[in-house]
Amino acid sequence: MHKRKLIGERRFCEKCGKSFVNDMALETHRRRHAEERSYHCDVCGKSFFVVGYLNRHKRIHTGVKPYHCEICGTSFLRNSHLERHIRIHTGEKPFQCEICGKTFARSSHVKIHVRTHTGEKPFHCETCGKAFIENSSLKSHIRVHTGEKPFHCEICGTSFSQNSTLKGHERIHTGEKPYRCEICGNSFSDKSTLKVHKRIHTGERPFQCDICGASFSYKSTLNGHKAIHTGVTPYQCEICGKSFCKNTTLKSHKNLHTGEKPYHCEICRKLFSSNSSLINHKRSHIGENEATSL
């Protein structure tokens with residue numbers, strides 16, 4: 001049986017030395033040492049140290065979300081989740097990276113961000129060995145191997161491997177373009193497309209060939225370039241026999257046979273059979289914007 005020592009207002013656990021402000025907090029802590037999980041969920045049987053944790057857990061079964069956002073009305077199981085959500089409205093980012101000073105709304109995001117400085121990638125794919133800085137990226141990657149597409153568009157039924165891709169796709173139906181380029185004013189349905197678009201203005205070429213040093217604005221262009229060095233074209237069209245260095249290029253090529261045009265221009269809604277054709281087309285809009293600004 002644990003004992004406690006009193007030093008002024010604090011209560012101390014003799015086993016580990018932790019201090020507590022009152023008897024209740026100390027008693028809760030003591031149960032953790034004794035592994036006393038006295039409170040059991042009558043729905044699933046899960047056990048808890050504290051009755052408050054049990055009551056909070058039961059909301060998973062009942063669907064009760066008692067914490068409501070006064071700004072947008074969204075409800076949450078936990079108050080901590082509500083507090084985190086409110087930062088979306090306030091823009092507050094209280095957690096800072098000690099290396100570069102970048103701030104974040106969540107402490108977990110800082111932890112993940114720090115790995116971009118340290119190079120740590122603790123999550124590994126058991127199929128191909130590729131490593132990732134966060135578990136969610138690994139889960140998304142695994143779907144490349146399994147072919148799983150669990151996210152479905154309720155409007156047209158198209159399925160996607162990532163929820164973020166689905167959300168971007170849904171904006172095709174709604175016409176929403178919340179991401180705006182501050183240089184030319186063009187708007188886009190997803191953040192990643194805006195990021196890629198900005199390279200047209202900045203001339204940034206972040207993807208470099210490790211063989212000859214040539215740099216490219218797009219990763220897909222780099223991958224295509226590498227085939228010049230290796231000569232490898234493992235992806236073959238079963239219709240005409242033509243081979244390609246990338247599976248994505250093969251898919252775009254097949255669209256020429258099927259007539260499918262899955263790539264659309266965010267600005268004028270024109271459709272294209274390949275992403276490269278879309279990118280070339282977008283440059284015409286850049287010229288239009290520059291002309292109208294004269």
Residue check for Glu260: outside the structural domain of His197 (by the TED database), under 25 Å from the mean Cα position of the chain (by Cα) and either more than 19 Å from Val144 (Cβ to Cβ) or in a helix (DSSP H, G or I) (or both): no
Unique match (being touching a residue at least 12 places away in the same chain (Cβ under 8 Å) and surrounded by fewer than 13 Cβ atoms within 10 Å (Cβ to Cβ)) among His57, His61, His85: His61
Filter result for the condition that a residue is under 25 Å from the mean Cα position of the chain (by Cα), under 24 Å from Thr158 (Cα atoms) and touching a residue at least 12 places away in the same chain (Cβ under 8 Å), over Asn255, Asn275, Asn223: Asn275
Odd one out for Val232, checked against (1) among the hydrophobic types (A, V, I, L, M, F, W, C); (2) in a loop (DSSP other than H, G, I, E, B); (3) surrounded by 16 or more Cβ atoms within 10 Å (Cβ to Cβ): (3)
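I'd like to know if segment 170-179 contains one or more residues that are in contact (Cβ under 8 Å) with a residue 40 or more places away in the chain, assigned to a loop (DSSP other than H, G, I, E, B) and surrounded by 15 or more Cβ atoms within 10 Å (Cβ to Cβ).
Kept after step one, since they are in contact (Cβ under 8 Å) with a residue 40 or more places away in the chain, are these residues of segment 170-179: 172, 177.
Okay, now just the ones that are also assigned to a loop (DSSP other than H, G, I, E, B), so 177.
Cutting the leftovers down to surrounded by 15 or more Cβ atoms within 10 Å (Cβ to Cβ) gives us 177.
Taking every residue of segment 170-179 in turn, at least one turns out to be in contact (Cβ under 8 Å) with a residue 40 or more places away in the chain, assigned to a loop (DSSP other than H, G, I, E, B) and surrounded by 15 or more Cβ atoms within 10 Å (Cβ to Cβ).
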Residue match in segment 198-208 (condition: part of a loop (DSSP other than H, G, I, E, B) and either touching an Asp or Glu at 6+ places or on another chain (Cβ under 9 Å) or more than 21 Å from Asn275 (Cα to Cα) (or both)): no
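The values are calculated or read from the model by the stated rules, or taken from the named source; none is laboratory data. This is a predicted model, so every value here is computed, not measured. As a convention, Cβ positions derive from the backbone with ideal geometry for all residues, glycine included, and neighbour counts pool all protein chains shown.
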